[in-house]
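Reviewing the structure listed below.
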Amino acid sequence: MKKLQQLQEKTIQELQTTTQELQEELDEAEKYHIVDAVENIKNVGELAETKIQLKKSEAENKALKTSLQQADRDAETKDQTVA
């Protein structure tokens, strides 16, 4: 009977140890999961910044193109007026 009790106690102790180890591994995995999530958020933020810069550049290019077209029209009008 005593051997059975000792075996039960040993088994309970091993289960507690295993449970603790698994919990520690889970905690560690959650840390990395959170780190990965934060990194993903940073990447999304950087991507958003890049898209904003691209939109600004596109707007600037469009404004320059419009300005050049207007300058061409003004030059044509001036040439026609002189001729």
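Any read-out appearing in this document is the output of simple, stated calculations on the displayed coordinates, not a laboratory observation. Here the structure is a predicted model, which is why all the values come from computation and not from measurement. Here Cβ is always computed from backbone atoms with ideal geometry, including for glycine, and neighbour counts include all displayed protein chains.
Looking at Asp72, Asp36, Asp79, just one residue is surrounded by fewer than 10 Cβ atoms within 10 Å (Cβ to Cβ) and either under 18 Å from the mean Cα position of the chain (by Cα) or without any contact (Cβ under 8 Å) to a residue 60 or more places away in the chain (or both), and that residue is Asp79.
Could you tell me which of the residues Ala59, Ala63, Ala48, Ala29 is more than 31 Å from the chain's Cα centre (by Cα) and either in a helix (DSSP H, G or I) or at positive phi (or both)? Spell out how you get there, then give the answer.
Values: Ala59 fails: more than 31 Å from the chain's Cα centre (by Cα); Ala48 fails: more than 31 Å from the chain's Cα centre (by Cα); Ala29 fails: more than 31 Å from the chain's Cα centre (by Cα).
Being more than 31 Å from the chain's Cα centre (by Cα) and either in a helix (DSSP H, G or I) or at positive phi (or both) holds for just one of Ala59, Ala63, Ala48, Ala29, which is Ala63.
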